[in-house]
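The values are calculated or read from the model by the stated rules, or taken from the named source; none is laboratory data. As the structure is a prediction and not an experimental result, all values here were calculated from the model. FYI the Cβ positions are ideal-geometry reconstructions off the backbone, even for glycines, and counts take in every protein chain you see.
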Amino acid sequence: MRQTSIQVMAIASLFLMASVLATEAPPADATLTVHIVSIAVGVGYSWGGGIVTFQGHVYPCRIDGLAVGEGGISSAEAIGTVSHLTRIEDISGQYTAVSAGALLTDGDDVVTLQNPHKMVIDLTAISQGAKIMRAMQGVTIAVVGVPTASTGP
């Protein structure tokens, strides 16, 4: 009887944890695919380009940023989701890493970027270059040909 109670409690706990995790993940409003190159000796510079897919449209973008970490020249391919995006012009701007270098179970790296307007980008490395993902500190994203949203009150 005691073992059955423990099993029932364990199953109930798993369902509770799954429901909490499901509600915490914000819905994806767009996807971002990028190629990033980095040159660093302790502190370095990263740049690249990518594509934002939003409401059935594809927009090219530029990526520039600060990388703090290992030295050398490296590159990475990453794909991610963008949350809290309502207008394409809102994605352009400055982002900071709120969590960098989290390792997923399959060995991929993930970095979470956020801007002052609480827009969140979760990028996952899909090729070699995970050390860039771990080193990303500040990033500027600019959608090509789309005006940047005003930063009013």
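Quick notes
- From Val20, Val98, Val37, Val111, residue being of a type outside the set (Asp, Glu), surrounded by 13 or more Cβ atoms within 10 Å (Cβ to Cβ), at pLDDT below 90 and more than 21 Å from Val144 (Cβ to Cβ): Val111
- Odd one out for Val139 among (1) under 23 Å from Tyr59 (Cα atoms); (2) among the hydrophobic types (A, V, I, L, M, F, W, C); (3) at pLDDT below 85: (3)
- Checklist (1) among the hydrophobic types (A, V, I, L, M, F, W, C); (2) at pLDDT below 80; (3) surrounded by 17 or more Cβ atoms within 10 Å (Cβ to Cβ) applied to Ala149, failing item: (3)
- Test set (1) at pLDDT 90 or above; (2) assigned to a strand (DSSP E or B) - Leu85 fails condition number: (2)
- Identity of the residue in segment 48-66, farther than 19 Å from Ala76 by Cα and assigned to a strand (DSSP E or B), that ends up farthest from the chain's Cα centre (by Cα): His57
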